[in-house]
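Notes follow the structure.
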Amino acid sequence: MKLTFLGGAGTVTGSKIVLEVDHKKIMIDCGLFQGLKELREKNWEKLPINLNEIDFVLLTHAHLDHSGYLPVLAKDGFKGKIYCTSATKNLTKIILLDSGKIQEEDAKRANEYKYSNHSPAKPLYTINDAKLAISKLTAIDFDEWFIINDSIKFKFLNSGHILGSAFIVLNINGKILVFSGDIGRKNPILLPHYKYIERADYLVIESTYGNRIHEKVSIEAQLLEYITTTYAKKGILIIPSFSVERAQEIIYLLSKLKNEKLLPNIPIYLDSPMGVNATEVYFKHKNDHKLSDDDINNMLSTVHLVSEISESKEIVNDNNPKIVIAGSGMITGGRVLHYLEKLISDKKNSVLIVGFQAEGTRGKSLLAGDTEIKFFGEYHQIKADVFKINAFSGHADQTELLDWLSHFKKPPILTFINHGESHQSQAFRTKIKTVFNWNCTVAKLNNEYYLS
């Protein structure tokens, strides 16, 4: 057996792993690189493998950094199936169609305003490429072995990160390989607790927060504080948000604050077609989350769901106090840019960051205290207040990662640490060695690892 890390190694983005065994090539996740330009440029580089040689893909969850390269895989000759859970299938459809649309729109805008170094600028993939990838998605139930052949079978177990997210357990000729994907919190806001696993011969584990412990604070209290602070200035609160999981968590918490009569009487909008569609998926998959029917009804009565561009433009041009949740979460694109174009240079407004911000993203620049950010080919002065809630993270922190690892009955032969910046992964490797004395290594990009 051989593992090759084609993404998500030394970084938290672009997750792609290829497992070669018994003349088969299996890809675990197929994500898009995001953040720094040098990372985004990797999306355009030819992978050191013939994509039409991949037999099938196993998808841990729907987030773009784990699924967003699938349309490239499909258009470049991949003929197999993409296996995932039912909720992941439905969310991935939404995310890939949105991504294809953004790719096309970004290329069109770059050509129109001539701010690309390429002439003409082209999308990495199109909506039709996304549809081709979507046609290959195949849903598998949680907790059930799916047999590929006499020597290979796999199952998905709940990982508690987003709706439908899963650990992958692969049984290959009796050897157990576990791929964590992204591991959720021990007590997620909307989801059930992650499943524990007792055995792995080889383990690949994420390390996004392998060197940190999340703050133990009241998210609701912080959220209310930033809302009331902005309302006192008669301003507008913009919340750049990931459309899957984070947007639904925020709406749920806002609905609780509203029921407790703590919110000011202002409108709340979710201005994100993908976020609206993802919210509807959440409400349909009632067995995969903790929301009651009353919770869902309260959420729907709290927020205005906005899909149409004409309504979005009206909201952008309305100067009255309000709360707007809009994508994208790292401010790399999406409708949030139109709000920031109008509002970020006015000190009465506020921007609330509620998720991880990768290096090179505009969200990271805001948190770093930059005085201006560039989008739509121009620089925009930052005069609005910038707030951050750290405790929203959907990733397990170091303590929670160690809790999950502690349930293995014996050490894996080798543990690979990936999906983390270098210092995070190295710190987590040292911690695992100290606490468990396991044999572990930090995965390196494009390195090949032979397994016994």
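The values are calculated or read from the model by the stated rules, or taken from the named source; none is laboratory data. Here the structure is a predicted model, which means the values were calculated and not measured. Don't worry about glycine lacking a Cβ; one is built from the backbone with ideal geometry, like all the others, and counts go over all protein chains shown. All accessible areas refer to the heavy atoms of the entire protein, side chains included, with ligands and DNA or RNA removed. Shrake-Rupley method; radii C 1.70, N 1.55, O 1.52, S 1.80 Å.
Which condition does Phe242 not pass, out of (1) assigned to a loop (DSSP other than H, G, I, E, B); (2) modelled with pLDDT of 95 or more; (3) open to solvent by 50 Å² or more (accessible area, probe 1.4 Å), if it passes all the others? All conditions are met except number (2). Taking every residue in region 49-63 that is at pLDDT below 95 and pairing it with any residue that is acidic (Asp, Glu), at least 6 positions away or on another chain, the pairs with Cβ-Cβ distances below 6 Å are Leu51/Asp76.
Can you name every residue in region 334-362 that is part of a loop (DSSP other than H, G, I, E, B) and crowded, with 19+ Cβ neighbours inside 10 Å? Gly334, Arg335, Ile344, Asn349, Val354, Gly355, Phe356, Gln357, Ala358, Thr361 - these are the residues of region 334-362 that are part of a loop (DSSP other than H, G, I, E, B) and crowded, with 19+ Cβ neighbours inside 10 Å.
On inspection, Val324 fails the criterion of being touching a Ser or Thr at 6+ places or on another chain (Cβ under 7 Å) and closer than 25 Å to His63 by Cβ.
For Ala384, the criteria (1) open to solvent by less than 30 Å² (accessible area, probe 1.4 Å); (2) within 25 Å of the chain's Cα centre (by Cα) hold in every case but one, which is (2).
If a residue counts only when it is under 18 Å from Lys81 (Cβ atoms) and open to solvent by 50 Å² or more (accessible area, probe 1.4 Å), which strands (runs of 3 or more DSSP E) contained entirely in region 138-209 have at least 1 such residues? Lay out the reasoning, then the answer.
Working: elements: 152-158, 166-172, 175-179, 202-206.
Because the criterion is at least 1 residues that are under 18 Å from Lys81 (Cβ atoms) and open to solvent by 50 Å² or more (accessible area, probe 1.4 Å), the strands (runs of 3 or more DSSP E) in region 138-209 that meet it are 152-158.
Taken over region 245-291, the residue count meeting the criterion of being buried (at least 24 other Cβ atoms within 10 Å of the Cβ), at pLDDT 95 or above and not in a helix (DSSP H, G or I) is 2. Listed conditions (1) over 24 Å from Val21 (Cβ atoms); (2) open to solvent by 40 Å² or more (accessible area, probe 1.4 Å); (3) of a type in the set (Asp, Glu) are all met by Asp129, apart from (2).
Out of all the residues in region 402-417, is one or more in contact with a helix residue (DSSP H, G or I) (Cβ under 7 Å, 6 or more places away or on another chain) and at pLDDT below 95?
Kept after step one, since they are in contact with a helix residue (DSSP H, G or I) (Cβ under 7 Å, 6 or more places away or on another chain), are these residues of region 402-417: 402, 405, 411, 415, 417.
Next, from what is left, pick out any that are at pLDDT below 95: none.
No - not one qualifying residue is present in region 402-417.
Picking from residues in region 81-94 that are open to solvent by less than 10 Å² (accessible area, probe 1.4 Å) and among the hydrophobic types (A, V, I, L, M, F, W, C), the one that is nearest to Trp145 (Cα to Cα) is Cys84.
Scanning region 407-430 for residues that are open to solvent by 60 Å² or more (accessible area, probe 1.4 Å) and either closer than 19 Å to Gly184 by Cβ or not in a helix (DSSP H, G or I) (or both) yields His407, Lys409, Lys410, Pro411, Ile413.
Kindly check whether there is at least one residue in region 60-80 that is open to solvent by less than 30 Å² (accessible area, probe 1.4 Å), under 17 Å from Gly327 (Cα atoms), touching a helix residue (DSSP H, G or I) at 6+ places or on another chain (Cβ under 6 Å) and in a loop (DSSP other than H, G, I, E, B). Show your work before the answer.
Our first condition is that a residue be open to solvent by less than 30 Å² (accessible area, probe 1.4 Å); within region 60-80, this holds for 60-62, 65-74, 77-78, 80.
If we keep only those that are under 17 Å from Gly327 (Cα atoms) too, we end up with 62, 65, 68.
Those left that are additionally touching a helix residue (DSSP H, G or I) at 6+ places or on another chain (Cβ under 6 Å): 62, 68.
Checking the rest, the ones that are also in a loop (DSSP other than H, G, I, E, B) come to 62, 68.
The answer is yes, given that some residue of region 60-80 is open to solvent by less than 30 Å² (accessible area, probe 1.4 Å), under 17 Å from Gly327 (Cα atoms), touching a helix residue (DSSP H, G or I) at 6+ places or on another chain (Cβ under 6 Å) and in a loop (DSSP other than H, G, I, E, B).
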